[in-house]
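J.: Sharing a structure here in structure tokens format.
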Amino acid sequence: MKKNKIYHVGFIIPLLVVFTIFFLVPMVVSLYFSLTVWSFDSAKFCGLKNYITFFTTNSLMQALKNTFLYALLGSGGITILAFILAVFLTSKIKTKNFIRSAVFFPNLVSAIAVGITFTAMMHPTKGIINKFIEFLGGTRVDFLGSPDYALLSVILVTIWKGLSIATVIYIAGITSIDSDYFEAAAIDGANGWDKLIHITIPLARSSINTVILLSVIGSFRSFDLMWAMTKGGPGYATDNMASVIYKQYVSGFYGLSTAGNVVLFVLILILIVPLMKLLNWKKES
Amino acid sequence: MKKKLLAGMLSASMILAGPGGSLVTEVFAEEAKDFSGVTLTVMMTNENTLDGFDAVVAAAEEKYGFTVEYDITGPGGEEYNNLVRARLASGDMDDLMTYNSGALFKQLNPKEYFVDVSDDAAIVDKLDDSFKEVVSVDDAVYGVPMTSSNAGCILYNKKAYADLGLEIPHTWDDFLANCEKIKEAGQTPIMCAFGDGWPGIVTQFGDFYNVHAENPNFAEELDAGTTKWATQPAGVKSYQKVADIAPYCNEDYMSTGYADACDRFAEGEGVHWIILTSVLSNLYSLYGEEVTDNIGAFGIPGDDPENHGLTVWMPTAIYANKNSENAEAAKAFMEFYVSEEALALYSEKVHPDGPYCIKGYEISDEAFPAVREDMQAYFDAGKTWPALEFSSSLEAADSIGVLQQLALGEITAEEGAKAIDKSLESYALQLGLEWD
């Protein structure tokens, strides 16, 4: 261990200063402001009242439920679909390069633009998706206007948009697997399925972990796409933690929304730390 | 490459700044002060019809020698209001600011930030008393009206009313009966646009005349915490109205936005639309008077046919930043804005959405019939009252969500009113009001 200490402690000071100023200080300050009624120029201490207000917010329970559904379905969908895509794109197909760029394309478009485009496409009477459904003889679906489908519609678009990065991470993971393993397996008479289960998945484990972590954290604090598509509506059908906090912030209740952010921070911490432990444990065993 | 880019940017900014520096000023009126070289900035949203404002600005620039630059920040609503608060607190406010009048304005602590014009007779003597009230704190007066007033009302298609032989309803039940007849005739009775936030809340917010008619002290009592929406019968009824209209809305009412609804209402889909009269200016600029002449207006009715009134929104106001070095020029601009000369220029370009809040200034004969005839009748009869936001600062941030739930039939009017009360209770703490 001592060998690691060849560098002077002083070398980490620049990084530590940056980290303190831009991360630690704001965190501590926001903890303080979450205990006040705060209007930029004045802050009045009010104890835990903001937290009480936040936890009794009308739409909070619905928002919590949505946040978990969003994280579960969104990151689940991304993790599985992107893996299938990546396996497909690392196999021997002719238009590989073109499809790879096509898959990456959604990531180049901003979430707001994607949201507005899909809102137009999903419009119940004028949207292209419903026109197509009608053409096939089906009945129109109010994707974003009906509280039953709205959340699902937003999650589907999130998956569509999130696939690109996940696929790229997977492709990097899969192509870095030594081809010797596949050749050896082929000599032993393994078919494609065996190779996938016994070679590709175990050896791409670290990229799978990365994708799961990134998509779970991403969906917990996701906001832009949902806001562009539904603004949390209809009713509270697509509200999540981030949008509840945002609505309080734009009302000018800065202390209250800071308290909400502290709650969100703690919530992500509580969920992500065990998840990381679990994923790493799987890797070690 | 970088150098080229920099040079390009510099010359672009010089072109932009050019007219300000080189403007040669002629002072026409002798009493007008000369503010040559001063550049006044105005903070505003992108939701204004600027034709009238532009005309006044051009005349003011000529008269006083200053240049006026628009600082258009984006859409209005909560995001804009938030930006205003942040800019005021950080000392980053423009010379002039356009902002709501009423409770939202009074929350800003105007004494700290804005020029008090109460000693300027050229301004205060012009202002309508009801308007003066919503831009004043104590004895100080801070704003002048930027536009005409506006009302939350039910617009209707006159031709459809004539074809179906309908009469203007004076109670809510009569209104629903009309809707039923229209539905039977195979038309959409009400254009509903719940897809955007604010068009969906006009039905409840615009019903405040009826709540006020039942309890004239509702706003004060709500602020004091002694009355709640759920305990005020007319209050619950105003939430019920949102649930009542849902069966008569266009099929895609939860996905329809404001702009979409404007187009479809102009094309004749939807015999009614419960909306602010400012939509008339928008329809006029999109489709011309052919459309606006066919539109009539009536207030959202209550239960008493004898007391059918109108809920009015006071105009957005212009305020001058007290802490700016150009405060004097800004005040001169406000003074000019309410002068006869400016009003004539303004109304030449824009048709009002309601009466102006300037004393003795009548609506011209060219105004929209819905304003000139229908709305004016309520004003003449004294049957108008400003919306709740002008007397109480308690406005629930989740009104939009609750009203959407009501329209979807997920909750009842009582539950909706209770949900609003509950969120108001927590927000009273944020505003520093003493609630029980």
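The values are calculated or read from the model by the stated rules, or taken from the named source; none is laboratory data. A quick note: this is a predicted structure, and the numbers were derived from the prediction, not measured. Cβ coordinates were reconstructed from backbone atoms using ideal geometry, including for glycine residues, and neighbour counts include every protein chain displayed. All accessible areas refer to the heavy atoms of the entire protein, side chains included, with ligands and DNA or RNA removed. Shrake-Rupley method; radii C 1.70, N 1.55, O 1.52, S 1.80 Å.
J.: What single numbered condition from (1) crowded, with 20+ Cβ neighbours inside 10 Å; (2) within 14 Å of chain A (Cβ to nearest Cβ); (3) under 18 Å from the mean Cα position of the chain (by Cα) fails to hold for B:Tyr113?
T.: All conditions pass for B:Tyr113, except number (3).
J.: Only one residue in A:Lys65, A:Lys49 is away from chain B (no Cβ under 14 Å) and among the charged types (D, E, K, R). Which one?
T.: None of the other options fit; the residue is A:Lys65.
J.: Do we have any residue at all in region B:373-387 that's within 14 Å of chain A (Cβ to nearest Cβ), at negative phi and aliphatic (A, V, I, L, M)?
T.: The answer is no; no qualifying residue exists.
J.: Against the condition more than 11 Å from chain B (Cβ to nearest Cβ) and open to solvent by 40 Å² or more (accessible area, probe 1.4 Å), how does A:Arg140 come out, does it pass?
T.: no
J.: Identify, by number, the condition in (1) surrounded by fewer than 20 Cβ atoms within 10 Å (Cβ to Cβ); (2) closer than 30 Å to B:Tyr346 by Cα that B:Gln232 doesn't meet.
T.: (2)
J.: Oh, and also: Hey, does region B:364-376 have a residue that's within 19 Å of B:Asn210 (Cβ to Cβ) and at pLDDT 85 or above?
T.: Scanning region B:364-376 turns up at least one residue that is within 19 Å of B:Asn210 (Cβ to Cβ) and at pLDDT 85 or above.
J.: Could you figure out which of (1) under 27 Å from A:Val114 (Cα atoms); (2) within 14 Å of chain B (Cβ to nearest Cβ) isn't true of A:Thr210?
T.: (2)
Residues checked against (1) outside any loop (DSSP other than H, G, I, E, B); (2) not β-branched (Val, Ile, Thr):
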{"residue": "B:Ile123", "(1), (2)": "yes, no"}
{"residue": "B:Asp173", "(1), (2)": "yes, yes"}
{"residue": "B:Thr188", "(1), (2)": "no, no"}
{"residue": "B:Ile201", "(1), (2)": "yes, no"}
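J.: List the pairs whose first member sits in region A:223-252 and is free of Cβ contacts under 8 Å to residues at least 12 places away in the same chain, whose second member is of a type outside the set (Ser, Thr, Tyr), and whose Cβ atoms are under 6 Å apart, counting only residues at least 6 apart or on separate chains?
T.: Once the first residue is free of Cβ contacts under 8 Å to residues at least 12 places away in the same chain and sits in region A:223-252, its partners that are of a type outside the set (Ser, Thr, Tyr) give A:Val250/B:Glu78; A:Val250/B:Glu79; A:Val250/B:Asn82; A:Ser251/B:Ala397.
J.: Something else about it: Among the residues of region B:179-218, what is the count of those that are more than 17 Å from B:Ala246 (Cβ to Cβ) and more than 19 Å from the chain's Cα centre (by Cα)?
T.: 13
J.: Going residue by residue through region A:256-275, is there one that turns out to be within 14 Å of chain B (Cβ to nearest Cβ) and free of Cβ contacts under 8 Å to residues at least 60 places away in the same chain?
T.: Checking region A:256-275: at least one residue is within 14 Å of chain B (Cβ to nearest Cβ) and free of Cβ contacts under 8 Å to residues at least 60 places away in the same chain.
J.: On the given criteria, is B:Glu362 open to solvent by 50 Å² or more (accessible area, probe 1.4 Å) and within 14 Å of chain A (Cβ to nearest Cβ)?
T.: Here the answer is no, as B:Glu362 does not meet what is asked.
J.: Just checking, which of A:Phe11, A:Phe68, A:Phe22 is aromatic (Phe, Trp, Tyr) and open to solvent by less than 100 Å² (accessible area, probe 1.4 Å)?
T.: The unique qualifying residue is A:Phe68.
J.: Of all residues in region A:186-229, how many are of a type in the set (Ser, Thr, Tyr), modelled with pLDDT of 85 or more and either closer than 16 Å to A:Leu271 by Cα or within 14 Å of the chain's Cα centre (by Cα) (or both)?
T.: Residues that pass the stated criteria total 2.
J.: I'm trying to understand the selection: among the residues of region A:99-108, which are open to solvent by 40 Å² or more (accessible area, probe 1.4 Å) and under 20 Å from A:Gly218 (Cα atoms)?
T.: A:Phe104, A:Phe105, A:Asn107, A:Leu108
J.: Tally time: how many residues in region B:235-267 are crowded, with 19+ Cβ neighbours inside 10 Å, among the small types (Gly, Ala, Ser) and more than 11 Å from every other protein chain (Cβ to nearest Cβ)?
T.: Count: 5.
J.: Being over 30 Å from the mean Cα position of the chain (by Cα) and either of a type in the set (Phe, Trp, Tyr) or at pLDDT below 85 (or both) is the requirement here; does A:Asn58 meet it?
T.: no
J.: Checking the condition of a type in the set (Lys, Arg) and within 20 Å of B:Cys262 (Cα to Cα), which residue from B:Lys132, B:Lys159, B:Lys183 passes?
T.: Unique residue meeting the criteria: B:Lys159.
J.: For residues that are within 12 Å of chain B (Cβ to nearest Cβ), open to solvent by 10 Å² or more (accessible area, probe 1.4 Å), within 22 Å of A:Leu156 (Cβ to Cβ) and among the charged types (D, E, K, R), tally how many sit in region A:224-255.
T.: Qualifying residue count, region A:224-255: 1.
J.: Ok, one more. Would you confirm, using the coordinates I've provided, whether A:Lys96 is surrounded by 12 or more Cβ atoms within 10 Å (Cβ to Cβ) and of a type outside the set (Ser, Thr, Tyr)?
T.: Here the answer is yes, as A:Lys96 does meet what is asked.
J.: Could you please find all residues in region B:394-426 being within 10 Å of chain A (Cβ to nearest Cβ) and among the acidic types (Asp, Glu)?
T.: Of everything in region B:394-426, those that are within 10 Å of chain A (Cβ to nearest Cβ) and among the acidic types (Asp, Glu) turn out to be B:Glu395, B:Asp398, B:Glu410, B:Glu425.
J.: Answer yes or no as to whether B:Ser90 is more than 24 Å from B:Gly52 (Cα to Cα), of a type in the set (Ser, Thr, Tyr) and open to solvent by less than 40 Å² (accessible area, probe 1.4 Å).
T.: no
J.: In region B:269-286, what residues are at pLDDT 90 or above and open to solvent by 30 Å² or more (accessible area, probe 1.4 Å)?
T.: B:Glu269
J.: Right, here's the next one. Counting only residues that are more than 20 Å from B:Thr39 (Cα to Cα) and acidic (Asp, Glu), which one in region B:329-347 is most open to solvent (accessible area, probe 1.4 Å)?
T.: Among those residues, the one meeting the criterion is B:Glu340.
J.: Take A:Ile21 and tell me if it is within 14 Å of another protein chain (Cβ to nearest Cβ) and free of Cβ contacts under 8 Å to residues at least 12 places away in the same chain.
T.: Judged against the criteria, A:Ile21 is not a match.
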